[in-house]
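A.B. asks: Questions regarding the structure given below will be posed in turn.
The values are calculated or read from the model by the stated rules, or taken from the named source; none is laboratory data. Remember, predicted model here, so these are calculated numbers, not experimental data. Quick reminder, even Gly has a Cβ in these numbers, built from the backbone with ideal geometry, and neighbours come from all protein chains shown.
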């Protein structure tokens, strides 16, 4: 039981670290490249405009999709590793 | 065949399909009615979630908003998709593990308080009812334009169809009709976009066409569009925004509002396993992205097409004669959504931006003011006509717009009726109610909700446009923080969460009312709603994110000075964090 509890706690910490990492990328693609850092990226041109515009209208959405699938895949691994997966 | 007959065939066929599904997927138990039996495949649920989420606002209005605002309105694209990342990581899997039927169920149990449950029910009902009004009016517009019935008759037809599959089938009927509606709406949105992208850039994929060369001029499409709008005094389409704080907060409000909308969250209660809830959020976003990646292309291409129609020889040459205007302008003029006034009496349609900087140019060209006003909402609906596409594409758009409005309306109505029958009647008024009677109560409250929504759709309150902001503000400032704290903190207690929810809700409402009128009564606003008056430049529509911060802060502060939650609640929080032992959604 004590071991179970330790494993479960370690699983939750691993999940929190994974979420934190994913949310950094989430914020960087939208609030970062798409909005706040756009002036810095204005030198990189993409089809008649700049990279920041692309991130705001396309790149952020594609990043979000990749993030969710990465998270779902990684969590399945963690579920198994820490033995908390569903039967 | 007349355009009317074509539209009738497309809309009629799609409605027949929805009714057929309703008869096939009847609900036999409360589990069927609330969570579709809990056995929906994650990909299927993703598709249903996409239709549930993409409303008349996404289908009809969003491209028009982006066309008008350019880069500045990218907020809608990021805000209405980024929320799914939060859902997938912060809410959906844990709420699925908790395994109950509704959102207030979780708040009531986790915070061991019927008061918290009632506050959650109130937030849910306000957010969902305001949202559903927009769907019903959207359906009314589509009916009146394409089927030449007046919008009240159109609304009645829509209400009867929704009634059939939502009341009979509950979540089960809604899930499978939403899958069909997703297919209809995505085809309807994509086909005209592909045609237009081919015409303008030669690239069949609109999302790539957006960044390709404009065939006619040999310039990149966006550079060409920037040039045309600049010649008419408008801000560059791709121009950067100076008030970045407001842009960030608005996007954040839309994201956390999306994650906190109950009709979206309950869709994740229908999948078999916790892991499925995570995958399903990913699939939902894939299906949503098919429309959201296309929308910005539709926006820029439609704006270019529109200006090319008005100025066939380029923006610096003469505009088109009013007598020679294309048919689609004539048809939309009848709806009042396009208006023309020949201010300088030259018989031509001048469309430009009136501004001090452009006044001299306008003067020298003999222009006496902008003569054409085009409502943002018609852009997607008129798109096939602007690009001269065949009649069947127009019929498809009609069916697609209705699918978007009806699928969202049904999801919202289910969230409302389950809050009433499950949380109010079973949870508070009569806990001893039998399964059979609860199912009956759910059907009756669904029917009442449809009648109310239809009535409000026919007599939309004057504030219809503002209330969508209200729905997002409420979801962002009250529901999302309460759910997140319930999962990620063991320390937040009943007093903390109630104070937090009320503080978030009230501060958001007050900030909105300050600028949009107290209780939306026109003329009662305390300050005029212009960027100069906004505190720190924060628009009332962006305040949901601040409301959420206030909610978190108050909940932590109050919990810190009051007692810890009981042991059993801390164990409940533990248990939602681990997938093991999820089982299917169960009743109390």
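A.B. asks: What is the number of the single condition among (1) more than 14 Å from chain A (Cβ to nearest Cβ); (2) farther than 30 Å from residue A:4 by Cα; (3) modelled with pLDDT of 90 or more that residue B:559 does not meet?
C.D. replies: Condition (2) is where residue B:559 drops out.
A.B. asks: Something else about it: Which residues, taken from the range B:98-129, are surrounded by fewer than 24 Cβ atoms within 10 Å (Cβ to Cβ) and within 19 Å of the chain's Cα centre (by Cα)?
C.D. replies: Those that are surrounded by fewer than 24 Cβ atoms within 10 Å (Cβ to Cβ) and within 19 Å of the chain's Cα centre (by Cα): B:125, B:126, B:129.
A.B. asks: With the structure loaded, tell me whether residue B:285 is farther than 30 Å from residue B:83 by Cβ, under 33 Å from the mean Cα position of the chain (by Cα) and assigned to a helix (DSSP H, G or I) or whether it fails that test.
C.D. replies: On the way: farther than 30 Å from residue B:83 by Cβ: no; under 33 Å from the mean Cα position of the chain (by Cα): yes; assigned to a helix (DSSP H, G or I): yes.
For residue B:285, the condition - farther than 30 Å from residue B:83 by Cβ, under 33 Å from the mean Cα position of the chain (by Cα) and assigned to a helix (DSSP H, G or I) - is not met.
A.B. asks: Among (1) surrounded by fewer than 24 Cβ atoms within 10 Å (Cβ to Cβ); (2) in contact with a helix residue (DSSP H, G or I) (Cβ under 6 Å, 6 or more places away or on another chain); (3) assigned to a helix (DSSP H, G or I), which single condition is residue B:315 missing?
C.D. replies: (3)
A.B. asks: Those residues that are touching a residue at least 12 places away in the same chain (Cβ under 8 Å) and not in a helix (DSSP H, G or I), I need them from the range B:226-254; list them, please. It would help to see each step written out before you state the result.
C.D. replies: First, pick out the residues of the range B:226-254 that are touching a residue at least 12 places away in the same chain (Cβ under 8 Å): B:226, B:228-229, B:231-241, B:243, B:245-247, B:249-254.
Within the range B:226-254, B:232, B:233, B:234, B:235, B:236, B:237, B:238, B:239, B:240, B:241, B:243 meet the criteria.
A.B. asks: Let me ask something else about it. Look at the range B:73-96 and say how many of its residues are within 9 Å of chain A (Cβ to nearest Cβ) and surrounded by fewer than 24 Cβ atoms within 10 Å (Cβ to Cβ).
C.D. replies: Residues meeting the conditions: 3.
A.B. asks: Taking residue A:48 and the conditions (1) in contact with a strand residue (DSSP E or B) (Cβ under 9 Å, 6 or more places away or on another chain); (2) more than 7 Å from chain B (Cβ to nearest Cβ), which numbered condition does it fall short on, given that it satisfies the others?
C.D. replies: So the condition that residue A:48 fails would be (2).
A.B. asks: Restricting to the range A:26-36, give me the number of residues that are more than 9 Å from chain B (Cβ to nearest Cβ) and touching a helix residue (DSSP H, G or I) at 6+ places or on another chain (Cβ under 7 Å).
C.D. replies: Result for the range A:26-36: 1.
A.B. asks: While we're looking at this one, here's another question. Exactly one of these conditions fails for residue A:82: (1) more than 21 Å from residue B:250 (Cβ to Cβ); (2) in contact (Cβ under 8 Å) with a residue 12 or more places away in the chain; (3) facing another protein chain (nearest Cβ under 8 Å). Give me its number.
C.D. replies: (3)
A.B. asks: Can we say residue B:223 is assigned to a helix (DSSP H, G or I), without any contact (Cβ under 8 Å) to a residue 60 or more places away in the chain, within 14 Å of chain A (Cβ to nearest Cβ) and on the phi < 0 side of the Ramachandran plot? Don't jump to the end; show me each part of the working.
C.D. replies: Numbers: assigned to a helix (DSSP H, G or I): yes; without any contact (Cβ under 8 Å) to a residue 60 or more places away in the chain: yes; within 14 Å of chain A (Cβ to nearest Cβ): yes; on the phi < 0 side of the Ramachandran plot: yes.
So residue B:223 passes the test.
A.B. asks: Now a separate question. Does residue B:546 satisfy the condition of being more than 14 Å from chain A (Cβ to nearest Cβ), more than 22 Å from the chain's Cα centre (by Cα) and on the phi < 0 side of the Ramachandran plot? Reasoning before the result, please.
C.D. replies: Working: more than 14 Å from chain A (Cβ to nearest Cβ): yes; more than 22 Å from the chain's Cα centre (by Cα): no; on the phi < 0 side of the Ramachandran plot: yes.
No; evaluated as a whole, the condition is false for this residue.
A.B. asks: How about the range A:53-79: which of its residues are closer than 17 Å to residue B:210 by Cα and more than 8 Å from chain B (Cβ to nearest Cβ)? Steps first, please.
C.D. replies: First, the residues of the range A:53-79 that are closer than 17 Å to residue B:210 by Cα: A:53-62.
Within the range A:53-79, A:55, A:59 meet the criteria.
A.B. asks: Can I ask one more? Could you check the range B:255-282 and list, in sequence order, the residues that are within 11 Å of chain A (Cβ to nearest Cβ) and either buried (at least 22 other Cβ atoms within 10 Å of the Cβ) or in a helix (DSSP H, G or I) (or both)? Break it down into steps so the answer makes sense when it comes.
C.D. replies: Start the filter on the range B:255-282 by keeping residues that are within 11 Å of chain A (Cβ to nearest Cβ), which leaves B:255, B:272-282.
Once the filter is applied, which keeps residues that are within 11 Å of chain A (Cβ to nearest Cβ) and either buried (at least 22 other Cβ atoms within 10 Å of the Cβ) or in a helix (DSSP H, G or I) (or both), the range B:255-282 yields B:255, B:274, B:275, B:276, B:277, B:278, B:279, B:280, B:281, B:282.
A.B. asks: Also, I was wondering about something else. Give the range B:318-359 a look and list any residue that's closer than 25 Å to residue B:148 by Cβ, touching a helix residue (DSSP H, G or I) at 6+ places or on another chain (Cβ under 9 Å) and assigned to a loop (DSSP other than H, G, I, E, B), or say none.
C.D. replies: B:325, B:326, B:337
A.B. asks: Follow-up question, since we're still on this one. Kindly indicate whether residue B:492 is modelled with pLDDT of 85 or more, assigned to a loop (DSSP other than H, G, I, E, B) and surrounded by 24 or more Cβ atoms within 10 Å (Cβ to Cβ).
C.D. replies: Working: modelled with pLDDT of 85 or more: yes; assigned to a loop (DSSP other than H, G, I, E, B): yes; surrounded by 24 or more Cβ atoms within 10 Å (Cβ to Cβ): yes.
Considered against the rule, which asks whether it is modelled with pLDDT of 85 or more, assigned to a loop (DSSP other than H, G, I, E, B) and surrounded by 24 or more Cβ atoms within 10 Å (Cβ to Cβ), residue B:492 comes out as yes.
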